[in-house]
Amino acid sequence: MGENGVRMSADPQRSDLKKQDVKRARIYRVLSLGFSAVAATTATVLLLEAAVADGNDVWDYARATLIFLTTAWLSWGAAQALLGLPGRGQKRVVPDIAMPQPRTVVLVPICNEDPVATFARIAAMDASVQAAGVNADFAVLSDTRDDDAAAQERNTFVRLLAETDGQGRIFYRRRQDSRGRKAGNIEDFIRNSGAAYEFAVILDADSLMEGATIRRMIAQMQADPKLGLLQTLPKIIGATSLFGRAMQFAASFFSPVFARGLGRMQGDTGPFWGHNAIIRTGAFAESCALPPLSGLPPFGGHILSHDYVEAALLARGGWTVHMDETIPGSFEEGPENVLSFAKRDRRWCQGNLQHMRLLTAPGLRTWSRFVFVQGIFAYIVSLLWGMFLLASIAATVMAPAPDYFPEPYQLFPVFPSDRTQQIIALGMGIVGLLVVPKLGILLQAIATRRAQGFGGGALAAGSVLVELLLSSLMAPVMLMYQSKAVLQVLSGRDGGWPANQRGEGSLTLGQGLRAGLWISFFGAIALLGVWQIAPALVLWLMPVSLPMLAAPLLITYSSRQLFGGLFKTPEEDERGTVVAAYRTIHARWVAQSGRPGPTSTPEAGDHAHVAA
Amino acid sequence: MKAEMNMEAAALNATAIEATHWEPPMAPLDMPRQVLEREARASSIGWLSRFASFLHIA
């Protein structure tokens, strides 16, 4: 360890390169922060110019503060995309694995998952790993509490061992208690078995990874002894609904650019997203045993969003954490409808808000603290947008009536100056921050021929436009869900750790109504209220209130299967991949087990509900 | 624990019991518990006691 607890590299050339990387990351951070500050200040000035035309009051200053914060957040996202637009430049030399191979284990923590789907994935990955010439063990770490579900896990594990001849390299253990949830599950493995392995690939139950990908990750870890964790950018697969396919497309088309921008800013203090990553077991062991926080949930107890904290702790320990979005062959599944998305988001919201407790944790890098702030802000910002709308309505209602004759004995009336231009400029600026990065990514994809994988330039452009429309319609619905989640957490309600409902598919209209009627109610109240007290604002409120009114329909119909070629992604061509192998094994196991199949065809993805 | 499996072959309905060789290898690794919270309680109590002594009430 060097000074300040920072692990020093033995290779001076590598050390110089690292210093350059750190310097470059700092420049990117300053540029992005500067861009956000300029955009937020411009928005605030435009709003104040328009707002003070009829005299200023407390609502104007409230609006100005809120527009500053919300625009800063939007600009920060836009800055990431703009920073990620330029490619990586010269082709990097990808190292190959050094012999003798380091002992590596692939960890699959599970809790009430569909065992057939989970173990079929492991069978596919095991074959892929062997084909890639990698010696890696697999360990299924079960936290399943239900005895029947655990029995099904054991039965399916027997099948997995038999099919793969995996005895002695594919392991299964079930904890007696689920202390610390997923982080505790991994910790338990490392405490008991960590010394047997130099590296551990951490997956989720719905993760899939090519053997060649694991080989490359091991090689990258070997090539950089300071690297504590290497995160891949998993691509979403298997989506069939409009909502799911839009997310799948966005993850494949936009995310690599956003991630590259994020990576440039983060430098050596990269992210951990909890899965589809490889860790150096020793580094993780010495840095990442998480303590429960004092007090009760939602702010105390076990750390829910443990991955962010583990990345921060590795950095605190002097290890580097990298995200490499160029590593192919890393997959996961995503939510198929708004409801399952919102359930997952509720847990993430509580986890991120819990990080308020960690902002002053001793020894953390400034950037790690800033990452916590970003995570908190990602949820708080919904509430801020809602407050901005309310403050705008209040400001209009409270505004004094125009005084056409402010001076005594005035001959001609003085009309209030028209500030429509500023408001339109502000609106266009905000829309621009949302749209320009995505259009920039589209243009770049067409120019670099990346769009070919998405069905060509025309189809990619169509998909981008529909995604923009859909995300604009969904934004007010998501805003309501996130605001509700934030208010629940702030009022002390613990959401717990509900079982994953992977692949929860098509919703009925009744389910859509139950999930979204409360949003329609708030939309109607807002629209009627504004109609009564400030009719001039009704038109401005329409982009928010109409999707809110239509929330049940949006939730229901976006969960339905999408036909046609829209939202095509390169990952859909699964020939010869670990994904195709998984589909084949899964279909065979489901057929042989004689149990009812998944809610949709195996070819369309894993849609089996929790077996418990 | 011995590995046992009662298989109803016709039904392909196995009831497996967790076996020792299913467990990952035993190779313990020390994992020191990290400190994430400053001694908030202690320091606030300390601050309170200092404040109280300043006011001569403790």
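Coordinate-derived values only; no laboratory data. Keep in mind that what you see is a predicted model, and the values were worked out from it rather than measured. Glycine gets a Cβ as well: all are built from the backbone with ideal geometry, and neighbour counts include every protein chain shown.
Tally time: how many residues in the range A:170-184 are within 7 Å of chain B (Cβ to nearest Cβ) and surrounded by 21 or more Cβ atoms within 10 Å (Cβ to Cβ)? Spell out the reasoning first.
Going through the range A:170-184, the residues within 7 Å of chain B (Cβ to nearest Cβ) turn out to be A:171-174.
Pick out the ones that are also surrounded by 21 or more Cβ atoms within 10 Å (Cβ to Cβ) and you get A:171-172.
Residues meeting the conditions: 2.
Look through the range A:191-213, keep the residues that are under 20 Å from A:Ala124 (Cα atoms) and out of contact with any helix residue (DSSP H, G or I) (no Cβ under 7 Å at 6 or more places or on another chain), and return whichever of them is farthest from the other protein chains (Cβ to nearest Cβ).
My answer is A:Ala212.
Do we have A:Thr232 as in contact (Cβ under 8 Å) with a residue 40 or more places away in the chain, hydroxyl-bearing (Ser, Thr, Tyr) and crowded, with 24+ Cβ neighbours inside 10 Å here?
Yes; evaluated as a whole, the condition is true for this residue.
Does A:Ile122 satisfy the condition of being free of Cβ contacts under 8 Å to residues at least 60 places away in the same chain and either part of a strand (DSSP E or B) or buried (at least 21 other Cβ atoms within 10 Å of the Cβ) (or both)? First the steps, then the outcome.
Working: free of Cβ contacts under 8 Å to residues at least 60 places away in the same chain: yes; either part of a strand (DSSP E or B) or buried (at least 21 other Cβ atoms within 10 Å of the Cβ) (or both): yes.
Spelling it out, A:Ile122 is indeed free of Cβ contacts under 8 Å to residues at least 60 places away in the same chain and either part of a strand (DSSP E or B) or buried (at least 21 other Cβ atoms within 10 Å of the Cβ) (or both).
Which residues, taken from the range A:130-156, are more than 8 Å from every other protein chain (Cβ to nearest Cβ), hydrophobic (A, V, I, L, M, F, W, C) and either without any contact (Cβ under 8 Å) to a residue 60 or more places away in the chain or touching a Lys or Arg at 6+ places or on another chain (Cβ under 6 Å) (or both)?
Within the range A:130-156, A:Ala132, A:Val134, A:Phe138, A:Val140, A:Leu141, A:Ala150 meet the criteria.
Given the structure, is A:Ala342 surrounded by 23 or more Cβ atoms within 10 Å (Cβ to Cβ) and touching a residue at least 24 places away in the same chain (Cβ under 8 Å)?
Taking the combined requirement at face value, the residue does not satisfy it.
Collect the residues in the range A:157-169 that are of a type outside the set (Gly, Ala, Ser), more than 9 Å from chain B (Cβ to nearest Cβ) and not in a loop (DSSP other than H, G, I, E, B), keeping them in residue-number order. Reasoning before the result, please.
Taking the range A:157-169 as the starting set, the residues that turn out to be of a type outside the set (Gly, Ala, Ser) are A:157-161, A:163-165, A:167, A:169.
In the following step, the residues that additionally are more than 9 Å from chain B (Cβ to nearest Cβ) were identified as A:160, A:163-165, A:169.
Across the range A:157-169, the qualifying residues are A:Leu160, A:Glu163, A:Thr164.
So, in the range A:127-157, exactly how many residues are under 18 Å from A:Tyr582 (Cα atoms) and surrounded by fewer than 20 Cβ atoms within 10 Å (Cβ to Cβ)?
Of the residues in that region, 4 qualify.
What single numbered condition from (1) more than 21 Å from the chain's Cα centre (by Cα); (2) closer than 21 Å to A:Ala250 by Cβ; (3) touching a residue at least 40 places away in the same chain (Cβ under 8 Å) fails to hold for A:Leu473?
(1)
Given the conditions (1) surrounded by 23 or more Cβ atoms within 10 Å (Cβ to Cβ); (2) farther than 15 Å from A:Ile202 by Cβ; (3) touching a Ser or Thr at 6+ places or on another chain (Cβ under 9 Å), which single one is not true for A:Gly263?
Of (1) surrounded by 23 or more Cβ atoms within 10 Å (Cβ to Cβ); (2) farther than 15 Å from A:Ile202 by Cβ; (3) touching a Ser or Thr at 6+ places or on another chain (Cβ under 9 Å), only one is false for A:Gly263: (3).
If I filter the range A:185-209 down to residues being in a loop (DSSP other than H, G, I, E, B) and buried (at least 24 other Cβ atoms within 10 Å of the Cβ), which single residue comes out as farthest from the chain's Cα centre (by Cα)?
This residue is A:Tyr197.
Looking at A:Ile214, A:Ile170, A:Ile190, which is the one that is without any contact (Cβ under 8 Å) to a residue 60 or more places away in the chain and hydrophobic (A, V, I, L, M, F, W, C)?
Details: A:Ile214 fails: without any contact (Cβ under 8 Å) to a residue 60 or more places away in the chain; A:Ile190 fails: without any contact (Cβ under 8 Å) to a residue 60 or more places away in the chain.
Being without any contact (Cβ under 8 Å) to a residue 60 or more places away in the chain and hydrophobic (A, V, I, L, M, F, W, C) holds for just one of A:Ile214, A:Ile170, A:Ile190, which is A:Ile170.
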